[in-house]
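As structure tokens, the structure follows; a few thoughts come after it.
All of the numbers you see were taken from the coordinates with simple rules; none came from a lab. Predicted, not measured: the structure shown is a model, and the values here were computed from it. Note that each Cβ is placed from the backbone with ideal geometry, even for glycine, and that neighbours are counted across all protein chains shown.
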Amino acid sequence: MSKPLQDIITQVPAGSEARARAICEARGNRPDELLEIFHDLQHELGYVPEETLPVIANALNRSRAEVYGVLTFYHEFRRTPGGRHTIKICRAEACQAMHTQNLCRHAEEKLRVKFGETTADGQFSLEAVYCLGNCALSPAMMIDGELYGCVDKERFDSIISDLDRGAGA
């Protein structure tokens with residue numbers, strides 16, 4: 001997000017609808033800025049709240065269905081609050097060939113969640129992705145933007161333990 005845009009947005013009250021309105025206005029209420037509006041909201045709030053969709057649709061002169069359709073098409077946008085840490089495990093072909101399914105099962109068991117869910121304590125969200133561009137070091141995962149390769153159960157547990165202790169926070 002650009003500095004001038006950030007300055008405009010931070011002057012708005014904390015409510016998600018007000019934030020959405022400010023972001024739309026800062027981006028000129030232009031329909032071609034819809035994806036950037038979603039990115040800005042997610043950056044600000046951690047997700048794109050449902051109550052912001054009518055505000056965005058109205059500001060951009062688009063239907064709610066169109067705005068919702070774009071939001072749900074892209075898996076990168078969250079529609080619910082996520083955990084403090086977001087764990088993305090690659091499930092693409094190269095990682096599958098290196099048994100990412102074992103890592104996925106282990107992650108679900110260790111965290112006690114399914115993919116697309118957040119742990120009860122709000123620490124971790126577990127997400128599936130389809131290629132992190134680290135195929136030579138598969139299976140791969142990304143946590144909070146940091147890429148990890150050659151991840152097995154032991155390495156996963158070690159990384160999660162470090163995050164639990166605050167080492168990666």
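Using each residue's phi in region 34-48, evaluate 6.51 cos²θ - 1.76 cosθ + 1.60 at θ = phi - 60° and report the 3J(HN,Hα) Karplus result to the nearest Hz, with x for Gly and Pro.
Each residue of region 34-48 in turn: 3, 4, 5, 4, 4, 4, 4, 4, 5, 5, 6, 10, x, 6, 10 Hz.
Here are a few candidate values for log10 I(q)/I(0) by the Debye sum over Cα atoms at q = 0.11, 0.12, 0.14, 0.19 Å⁻¹: (1) -0.49, -0.59, -0.78, -1.25; (2) -0.54, -0.63, -0.80, -1.11; (3) -0.43, -0.51, -0.69, -1.24. Which one was actually calculated from the structure I just gave you?
So the calculated entry is the one marked (2).
Ranked highest first by average number of other Cβ atoms within 10 Å, how do 72-85, 30-43 line up?
Values: 72-85: 14.0, 30-43: 17.3.
Packing proxy ranking, top to bottom: 30-43, 72-85.
At 0.36 nm per residue, minus the direct Cα-Cα distance, what do residue 146 and residue 115 gain on full extension? Give it in nm, one decimal, please.
9.3 nm
Would you calculate a helix-derived [θ] at 222 nm for the chain, using -39,500 (n - 2.57) for each DSSP H run of n ≥ 4 and dividing by the full residue count, to the nearest 500? Mind showing how you got there, number by number?
Values: 8 runs with 78 residues, N = 169.
Result for the chain: -13500 deg cm²/dmol, rounded to the nearest 500.
So who's got an amide H within less than 5 Å of the one on residue 85, skipping anything under 5 residues away but keeping other chains? H placed 1.01 Å off N, in plane.
Distant-sequence amide H within range of residue 85: 124, 125.
Give the aspartates and glutamates whose C-alpha is closer than 15 Å to that of residue 153, dropping any in the same chain fewer than 8 places away, or say none.
108, 109, 162
Please work through the chain and write down the cysteines that have no neighbouring cysteine Cβ at a distance under 4.7 Å.
Here 24, 104, 131, 135, 150 come out as lacking a disulfide-compatible partner, given the Cβ-Cβ threshold of under 4.7 Å.
For a protection proxy built on the mean count of beta-carbon atoms within 10 angstrom, sort 160-166, 96-102, 86-92 highest first, please. Mind showing how you got there, number by number?
On the way: 160-166: 13.0, 96-102: 14.9, 86-92: 21.4.
Top of the packing list down: 86-92, 96-102, 160-166.
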